[in-house]
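For reference, the structure is listed below as structure tokens.
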Amino acid sequence: MNNVPVLLQLVNACAAGLLLLSFAMLSQRRIVTLVYLLATQGALLCLATLLLAWRTHQPHLYISAGLTLGLKVIFLPWLLHRLIRRLDVYWDSEPLINASVTMLLGLLIVVFAFGLAQPIAALSSTAARSTIGIAIAVILLAFMMMITRRKAMSQVVGFLSMENGLFFGAMSATYGMPMVVELGVALDVLVAMLVLGVFFFQIREQFDSLDLHHLESLKEKH
Amino acid sequence: MEFLLLLATPIAGALVLGWLGARRFAPELNALFSLVTFAAACALTARVIAHGKALVAHEQFFIDPFNVFLVALTAFVGLTTALFSRPYMRVEMTHGRLSAGRLRLYHAMYQLFTFTMLLALTTNNIGLLWVAMEGATLSTVLLVTLYRTPASLEAGWKYFILCGVGIAQALFGTILIYFAAEKIIGGGGTTALLWTHLDAVKAQLEPRVMSLAFVFLLVGYGTKVGLAPLHNWLPDAHAEGPTPISAVLSGLLLNVALYAVVRCKVLVEGSLGTQLPSNMLMGFGLVSVVLAAFFLWRQRDIKRLFAYSSVEHMGIITFAFGMGGPVANFAALLHMTVHSLTKSAIFFTVGHAAQKAGSQLMDQIRGLITLSPTIGWGLMLGSLAIVGMPPFGVFAAEFLILTTAMKQQPWATPILLLALGVAFAAVFGRVQPMVFGETTARRLPHPPALLPVFAHLAIVLALGLFVPPYLADWYRQAAVMIGGH
């Protein structure tokens, strides 16, 4: 560790923070806190991008950091927060199914992710290659969160956390995707969230709740 | 020029139809925009016939034998579906299932959906391909929930989350390909994401990274193809959305998603030099065929029945691409074309049949042929075509696939034959009493547009008897390009 420059150590610290936040989301019951955690994760992602941009002098990474700041730290959490207040689910929480087992599974996922990242990290020439494993772990943990949660809002937070992991992965492996693709992805995420906003109100209007238990009638009928 | 018109028309259509809102002539305007798009696609096709493949706009867009016929097909089915939806949606409004505001949303999103599919097909940039595929999901989510019934909301949510998660996996796969390509081509610009450049250097791409990328890409885009066990969203979205949307989802979106999978497979196979991607395609394909064939028996809703039939056919096509080689690829491309035409024709007749019976439950649809011979015959002929009866095109494609399977993968032939037999019995057994028997049907307030149905079936019949030389030529060239074996 002695040879690693301070800037890179900071990037690694951000990566560790991202992973910790993923675990925090996995064990968080209150919906509104989940949104705060998501915003913090976005902020760390933005910070990591800025640090890498400063170190590598890649101008498009600054734009990418700006996008992250605008979209994932400010706009989307604000949108979700507003939705939560307008839908009056501010105090909602959901029971977790077997929190300790979930945590243990999460640990296994992290080990698996690092195994998966081995061949990629070995080839990568970027400064942040040691963090690819963390990026994959964040993606898989978000995936697990989407599987284990029953509330629509928590699933959406999981989805956005997965996007965070994907962006972080793209950055640590290749210093981000070309600008046109990154803009396209950001646009898609933005539109997806707006569609979701509309969608939530439709669900709410129909069922008077955002609990996905109501959305389970379309099983295979005999 | 043709490119610009092709991509700009649907965008303009979405803006104009969204802005004008619920006018009386909006359905006609929607059809007009689709007609212009189709004309642009025809012009583009003519150019390809005259001058061969083309790269335009700094190589960002391209047209080659693999995507030219899919572009023409997409624009054609887009047009016929717009024609069909004109009376269909008016009947739905008269029956009180839709308000004027939702019809505006429907028209705008319909054009936007056409745009995303054409963008996905023509873009040379695999990053933009991803963006367009996600756009296609987003533009159809609100269409699946158009009726706002509890079941449609559930279907829409499932569609959104499953395809959203799936497509996120595909993004990671795309990032990995970019990562591998950047080493060879050099990063910075978009060059390392251009398919034509990747194809040129595919042998040098790092195999371990590419195989990992393929797993993510196959799972990601495979969710949209509806490959089992990732197909859960498909029957719900088809059954609960409006019928024109079922027709374009089945006929077009599944094709476009499969197109993305095959483009990626070409790159990965070139890099690995092994059978891994082919074997994965064959495995997913076979599981889909078998699972769908047996699920067909359990269906009571007519649109779910044909949705499962789409899963089955996508499975067959995927299996054929997995076998690879000139003949199997040729058959798969032919099958993509005829399945798309036949399945959308079936959904057109099914839509009107369900409107006549007032229900999508098959037990309540009876005696179509007595009251409306065209709908009855349309459904009958469409079903005969889709289960693979000669002389329709589906038969020719399935015959080629089965004979190739006997040569290359003999173990799979009995499984395929069994599944096809089961599917035949299930579909035919259900359709027969709906067409014949005592009538329960009623008159519709607007006369249905059945010209698209018979136009589609006529083309399918023609393709079963004779494939035009330039089309066969594209199929052959694309089959060589896709390779395998």
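The table below lists the values:
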read-out	value
Selection status of B:Ala257, at pLDDT 95 or above, within 25 Å of B:Ser152 (Cβ to Cβ) and out of contact with any Gly (no Cβ under 6 Å at 6 or more places or on another chain)	yes
Which listed residue is open to solvent by less than 10 Å² (accessible area, probe 1.4 Å), over 23 Å from B:Phe76 (Cα atoms) and in contact (Cβ under 8 Å) with a residue 40 or more places away in the chain, from B:Phe284, B:Phe321	B:Phe321
Subset of the range A:167-183 (residues that are surrounded by 23 or more Cβ atoms within 10 Å (Cβ to Cβ) and aliphatic (A, V, I, L, M))	A:Ala170, A:Met171, A:Ala173, A:Met177, A:Val181
Residues of the range B:210-238 satisfying the condition of being touching a Ser or Thr at 6+ places or on another chain (Cβ under 6 Å) and open to solvent by 10 Å² or more (accessible area, probe 1.4 Å)	B:Leu230
Residue in the range B:10-18 that is at pLDDT 90 or above, closer than 23 Å to B:Leu249 by Cα, buried (at least 22 other Cβ atoms within 10 Å of the Cβ) and in contact with a Gly (Cβ under 7 Å, 6 or more places away or on another chain) present	no
Unmet criterion (only one of (1) of a type outside the set (D, E, K, R); (2) surrounded by fewer than 21 Cβ atoms within 10 Å (Cβ to Cβ); (3) touching a Leu at 6+ places or on another chain (Cβ under 8 Å)) for B:Phe392	(2)
Residues of the range B:173-208 that turn out to be aromatic (Phe, Trp, Tyr), within 15 Å of A:Tyr175 (Cβ to Cβ) and touching a residue at least 40 places away in the same chain (Cβ under 8 Å), as a count	1
Residue selected from the range B:250-272 under the condition among the hydroxyl-bearing types (Ser, Thr, Tyr) and over 10 Å from B:Tyr221 (Cα atoms), by the criterion surrounded by the fewest Cβ atoms within 10 Å (Cβ to Cβ)	B:Ser271
Any hit, the range B:186-193, residues being aliphatic (A, V, I, L, M), in contact with a helix residue (DSSP H, G or I) (Cβ under 9 Å, 6 or more places away or on another chain) and more than 10 Å from every other protein chain (Cβ to nearest Cβ)	no
Those residues of the range B:368-377 which are in contact (Cβ under 8 Å) with a residue 60 or more places away in the chain and either surrounded by fewer than 18 Cβ atoms within 10 Å (Cβ to Cβ) or more than 22 Å from B:Phe84 (Cα to Cα) (or both), in sequence order	B:Thr370, B:Leu371, B:Thr374
Selection from the range B:440-456 of residues that are assigned to a helix (DSSP H, G or I) and surrounded by fewer than 19 Cβ atoms within 10 Å (Cβ to Cβ)	B:Leu451, B:Phe454, B:Ala455
Tally, over the range B:143-168, of residues that are at the interface with chain A (Cβ under 9 Å from one of its Cβ atoms), open to solvent by 20 Å² or more (accessible area, probe 1.4 Å), part of a helix (DSSP H, G or I) and not β-branched (Val, Ile, Thr)	3
Qualifying residue in the range A:99-107 (condition: open to solvent by 30 Å² or more (accessible area, probe 1.4 Å), of a type in the set (Ser, Thr, Tyr), more than 14 Å from every other protein chain (Cβ to nearest Cβ) and assigned to a helix (DSSP H, G or I))	yes
Conditions (1) over 16 Å from the mean Cα position of the chain (by Cα); (2) open to solvent by less than 10 Å² (accessible area, probe 1.4 Å); (3) not acidic (Asp, Glu): number failed by A:Thr131	(1)
One residue from A:Leu80, A:Leu116, A:Leu140 being in a helix (DSSP H, G or I) and away from chain B (no Cβ under 14 Å)	A:Leu80
Of all residues making up the range B:360-412, the number that are assigned to a helix (DSSP H, G or I) and among the basic types (Lys, Arg)	1
Unique match (being at pLDDT below 95 and touching a Phe, Trp or Tyr at 6+ places or on another chain (Cβ under 8 Å)) among B:Ile375, B:Ile365, B:Ile369	B:Ile369
From the options A:Val110, A:Val156, residue that is among the hydrophobic types (A, V, I, L, M, F, W, C) and more than 9 Å from chain B (Cβ to nearest Cβ)	A:Val110
Out of B:Leu400, B:Leu381, sole residue that is open to solvent by 40 Å² or more (accessible area, probe 1.4 Å), among the aliphatic types (A, V, I, L, M) and over 21 Å from B:Ala425 (Cα atoms)	B:Leu400
Test: residue in the range B:194-209 that is at pLDDT below 95, under 28 Å from B:Leu138 (Cβ atoms) and surrounded by fewer than 22 Cβ atoms within 10 Å (Cβ to Cβ)	yes
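Matching residues to (1) within 25 Å of B:Ile49 (Cα to Cα); (2) aromatic (Phe, Trp, Tyr); (3) open to solvent by 70 Å² or more (accessible area, probe 1.4 Å):
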{"site": "B:Ile415", "(1), (2), (3)": "no, no, no"}
{"site": "B:Ala458", "(1), (2), (3)": "yes, no, no"}
{"site": "B:Tyr475", "(1), (2), (3)": "yes, yes, no"}
{"site": "B:Ile482", "(1), (2), (3)": "yes, no, no"}
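The values are calculated or read from the model by the stated rules, or taken from the named source; none is laboratory data. Just so it is clear, the structure is predicted and the values come from calculations on it, not from any experiment. Methodologically, a virtual Cβ is constructed for each residue, glycine included, from the backbone with ideal geometry; neighbour enumeration extends over all protein chains shown. We work out accessible area using only protein heavy atoms, side chains counted, and drop any ligands, DNA or RNA first. Shrake-Rupley method; radii C 1.70, N 1.55, O 1.52, S 1.80 Å.
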